[in-house]
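Asker: The following block contains the structure, expressed as structure tokens.
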Amino acid sequence: LQAYERRFPTCPLIPMFVSSDTVSEYKSEDEAVHVIERRCKLDIDAPRLLKKIAGVDYVYFIQKNSLNRRERTLHIEAYNETFSNRVIINEHCCYRVHPDNEDWTCFEQSASLDIKSFFGFESTVEKIAMKQYTSNIKKGKEIIEYYLKQLEEEGITFVPRWTPPVACKLESSTSHTRRPVSPAITIPDSATKESLNNKEILNSSGSPLEPTAGTPDDKLDADYIKRYLGDLTPMQESCLIRLRQWLQETHKGKIPKDEHILRFLRARDFNIDKAREILCQSLTWRKQHQVDYILDTWNPPQVLQDYYAGGWHHHDKDGRPLYVLRLGQMDTKGLVRALGEEALLRYVLSINEEGLRRCEENTKVFGRPISSWTCLVDLEGLNMRHLWRPGVKALLRIIEVVEANYPETLGRLLILRAPRVFPVLWTLVSPFIDDNTRKKFLIYAGNDYQGPGGLLDYIDKEIIPDFLGGECMCDVPEGGLVPKSLYRTAEELENEDLKLWTETIYQSASVFKGAPHEVLIQIVDASSVITWDFDVCKGDIVFNIFHSKRAPQPPKKDSLGAHSITSPGGNNVQLIDKVWQLGRDYSMVESPLICKEGESVQGSHVTRWPGFYILQWKFHSMPACATTNLPRVDDVLASLQVSSHKCKVMYYTEVIGSEDFRGSMTSLESSHSGFSQLSAATTSSSQSHSSSMISR
């Protein structure tokens, strides 16, 4: 704060900031609260013609700073006074002390721009505003460090903590016990340099104080950001914090590591809404298909080990893991005929999971953030055989899955010895590849990779594979034709594909407006325990549990019947007959639980009576939201829904005897709810309802 106040009444480091005048000022009697409002004069960098049309040379903003020394917070609000009837600009910043470490300062910033009309130059004004805002954010860190250094040169290295005046102390001691006041805190060098730039980046265990293997104790320190995340602008750091906090609120502890969140932010140019959408979809996908356990539980078929011409091979000059793929030597048709699409896809997923693991290892080895890998693709031998339609279809599907779930993991793609047929393949494949990814492609025809700007610019001479003229022996299989004796029939492949992807213990269901999805569970012994674990993949739902002494009529087999609906996203089964009455034919045994999109819910219910229990997921209509300047998380989630009348859940249920239930969902092996090993730990908070436990 001492450094921040030196920006007024004017700041030579901000050329556009001409001057400021104090409009009003308030100080509380005990000096704990200090509110000051200023009128700031700005010289906006705008075209002269636009200024002439608008009839102004300067624009004025009102800035209100509210300092609360007791709560140790500083709130800064700013809005435009000039053209307020045409353009509405609001900005809010908050500095606060981290609750777990007084040496850390947390910073949050948000801003909004609403252009109603501006003499036909609305688009120009928007670009100018965004340019100025981005420029100010970039210079913010530089400016605060300048004044912090100025304070150090003047001998100010610590700021005494505010304490209540003596009179206040005496008065408060008569009414309640006063909390002890901490002594003045010496500001360490690292905190001085980064005090306003540090962000609340929790470690993967969910605790900012608990060290984890291979990570520094202080994960908010600028050294941590540089060491593990790379150079980030203040705005990018803010996006990381906001998305991480949103995930923490929504997923209740199942938080990916910072590096993984950053990949999705970078993939969407740090647009939080877009990054949040694809990240949540990816986390659900990982859980549904148990991708986190693929390296430990899945062994590639021998055909893949013998004929898939790809493998890891040292690292490039930037420290990225290097993956070599001899695509031209690979019999894609034979692999698809022998294994099917699903086995190939699963193998590629295992390669990507191994890549993530190698990136973490290289980060520790090289002492700098390694978040992506380099892929070297040798096309020697590529011909029309590789354009076999089912093979291309499998390739396109693999690209689609990888693009959606492993964004920003490809640092560079070196395509060597591209033959004449390559443009045909590229035309088919390139539309499915993200623009940012395409920029990382380097394509060499013939032996061009051996010349200037070739392979030696990216890979050390000592590790260039032997088949490319290097001296390093490469263990990548040579590929070759898959024997036709290993081919499977279409029926065998279909069954195998089904087996591969139905290993998940979860089922999918669609919930429509007026058509809930219901699951019947028959209980023979009272005091049995019904457990459930489900994710709300799309939309908001209400979860109910009912009990009935008599069995409901089984759903009709006709998929278009009233009791059963089949949809691509999952089944929909209705068991409660429309003539049944609540309280007469069946009863509610748990209070309804409203679950929002993206939430993961685990719980259990100890049954009191034998009979039939019905778990119900019902469509939840969102009530109208009161007018507010900032959208609620609920509203943001609702806006992401493809259909406002359809929800989707992924669930698992199990009944166990009370003697096997140890009172905690974490003790049930059948109810693994962790999204991924991208989280170092999964925490669970529970909410008890009489005889049940529900946790999110």
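The values are calculated or read from the model by the stated rules, or taken from the named source; none is laboratory data. Since the model is a prediction, treat every value here as computed from it, not as a measurement. For neighbour counting, all protein chains shown are included, and Cβ atoms are generated from backbone atoms with ideal geometry for every residue, glycine included. Note: accessible area is taken over every heavy atom of the protein model, side chains too, but ligands, DNA and RNA are not part of it. Shrake-Rupley method; radii C 1.70, N 1.55, O 1.52, S 1.80 Å.
Asker: Give the residues of segment 630-654 that are polar (S, T, N, Q), modelled with pLDDT of 50 or more and assigned to a loop (DSSP other than H, G, I, E, B), sorted by residue number.
Answerer: The answer is Ser644, and nothing else.
Asker: Please go through segment 403-427 and pick out each residue that is buried (at least 19 other Cβ atoms within 10 Å of the Cβ) and of a type in the set (Val, Ile, Thr).
Answerer: Of everything in segment 403-427, those that are buried (at least 19 other Cβ atoms within 10 Å of the Cβ) and of a type in the set (Val, Ile, Thr) turn out to be Thr409, Ile415.
Asker: Okay, moving on. Report, ordered by the first and then the second residue, all pairs with beta carbons closer than 8 Å, sequence separation of six or more or different chains, a first member in segment 151-164 that is more than 21 Å from Arg70 (Cα to Cα), and a second member that is hydroxyl-bearing (Ser, Thr, Tyr) and at pLDDT 80 or above.
Answerer: Leu151/Thr157
Asker: Continuing with this model, one more query. Which one of these does Glu108 not meet: (1) over 19 Å from Cys239 (Cβ atoms); (2) open to solvent by 50 Å² or more (accessible area, probe 1.4 Å); (3) touching a residue at least 40 places away in the same chain (Cβ under 8 Å)?
Answerer: Answer for Glu108: the failing condition is (1).
Asker: Would you tally the residues in segment 395-439 being farther than 24 Å from Ser372 by Cβ and under 33 Å from the mean Cα position of the chain (by Cα)?
Answerer: Going through segment 395-439 one residue at a time, the tally reaches 2.
Asker: Tell me, which strands (runs of 3 or more DSSP E) lie completely within segment 1-96 with 2 or more residues that are among the aliphatic types (A, V, I, L, M) and more than 22 Å from Met130 (Cα to Cα)?
Answerer: Passing ranges, in order: 33-42.
Asker: Might you check whether a residue that is of a type in the set (A, V, I, L, M), in contact (Cβ under 8 Å) with a residue 12 or more places away in the chain, open to solvent by 60 Å² or more (accessible area, probe 1.4 Å) and closer than 30 Å to Phe158 by Cα occurs anywhere in segment 1-22?
Answerer: yes
Asker: Something else now. List the number of the failed condition for Thr374; all other conditions in (1) in contact with a helix residue (DSSP H, G or I) (Cβ under 8 Å, 6 or more places away or on another chain); (2) surrounded by 19 or more Cβ atoms within 10 Å (Cβ to Cβ) hold.
Answerer: (1)
Asker: What is the residue count in segment 404-431 for residues that are assigned to a helix (DSSP H, G or I), modelled with pLDDT of 80 or more and not aromatic (Phe, Trp, Tyr)?
Answerer: Total satisfying the criteria: 3.
Asker: Could you tell me which residue of segment 283-332 is nearest to Gly479 (Cα to Cα), considering only residues that are assigned to a helix (DSSP H, G or I) and of a type in the set (Lys, Arg)?
Answerer: Filtering segment 283-332 for residues that are assigned to a helix (DSSP H, G or I) and of a type in the set (Lys, Arg), the one nearest to Gly479 (Cα to Cα) comes out as Arg286.
Asker: Which condition number does Leu345 fail, the rest of (1) over 19 Å from Asn405 (Cβ atoms); (2) in the same structural domain as Trp388 (by the TED database); (3) in a helix (DSSP H, G or I); (4) not charged (D, E, K, R) being met?
Answerer: Failing condition for Leu345: (1).
Asker: Residues to consider are Arg326, Arg358, Arg320; find the one that is closer than 29 Å to Ile463 by Cβ, modelled with pLDDT of 90 or more, touching a Ser or Thr at 6+ places or on another chain (Cβ under 9 Å) and buried (at least 17 other Cβ atoms within 10 Å of the Cβ).
Answerer: Checking each option against the conditions leaves just Arg320.
Asker: How many of the residues making up segment 61-90 are in contact with a helix residue (DSSP H, G or I) (Cβ under 8 Å, 6 or more places away or on another chain) and open to solvent by 30 Å² or more (accessible area, probe 1.4 Å)?
Answerer: 2
Asker: For segment 282-293, which residues satisfy the criterion of being farther than 13 Å from Val401 by Cβ and either surrounded by fewer than 20 Cβ atoms within 10 Å (Cβ to Cβ) or of a type outside the set (Val, Ile, Thr) (or both)?
Answerer: Scanning segment 282-293 gives Leu283, Lys287, Gln290, Asp292, Tyr293.
Asker: Would you mind listing the helices (runs of 4 or more DSSP H) fully within segment 119-206 where at least 3 residues are open to solvent by 70 Å² or more (accessible area, probe 1.4 Å) and either at pLDDT below 50 or among the acidic types (Asp, Glu) (or both)?
Answerer: The helices (runs of 4 or more DSSP H) meeting that bar are 122-153, 166-175.
Asker: Now a separate question. Residue check, Trp312 against (1) open to solvent by less than 30 Å² (accessible area, probe 1.4 Å); (2) touching a Lys or Arg at 6+ places or on another chain (Cβ under 9 Å), all met but one. Which one?
Answerer: Trp312 satisfies all of (1) open to solvent by less than 30 Å² (accessible area, probe 1.4 Å); (2) touching a Lys or Arg at 6+ places or on another chain (Cβ under 9 Å) except (1).
Asker: Same structure again: Determine if segment 555-569 includes at least one residue that is basic (Lys, Arg), at pLDDT below 90 and part of a helix (DSSP H, G or I).
Answerer: no
Asker: Just need a number here: residues in segment 356-403 that are assigned to a strand (DSSP E or B) and within 22 Å of Leu295 (Cα to Cα).
Answerer: Qualifying residue count for the region: 3.
Asker: Moving on. So which residues in segment 438-455 are touching a helix residue (DSSP H, G or I) at 6+ places or on another chain (Cβ under 7 Å) and either more than 30 Å from Gln281 (Cβ to Cβ) or surrounded by 17 or more Cβ atoms within 10 Å (Cβ to Cβ) (or both), if there are any at all?
Answerer: Passing the criteria: Tyr449, Gly454, Leu455.
Asker: Now, a different point. Give segment 575-618 a look and list any residue that's farther than 17 Å from His547 by Cβ and open to solvent by 30 Å² or more (accessible area, probe 1.4 Å), or say none.
Answerer: Lys578, Val579, Ile594, Lys596
Asker: Now a separate question. Output the qualifying pairs, or none if there are none: Cβ atoms under 6 angstrom, residues six or more apart or on different chains, first residue in segment 57-68 and closer than 16 Å to Ser20 by Cα, second residue among the aromatic types (Phe, Trp, Tyr).
Answerer: Ile62/Tyr79
Asker: Something else: Among (1) of a type outside the set (Asp, Glu); (2) within 20 Å of Val59 (Cβ to Cβ); (3) within 32 Å of the chain's Cα centre (by Cα), there is one condition Ser84 misses while meeting the rest; what is its number?
Answerer: The single condition Ser84 does not satisfy is (3).
Asker: Which of the following residues is closer than 30 Å to Leu593 by Cα, acidic (Asp, Glu) and at pLDDT 90 or above: Glu518, Glu462, Glu503?
Answerer: Glu518
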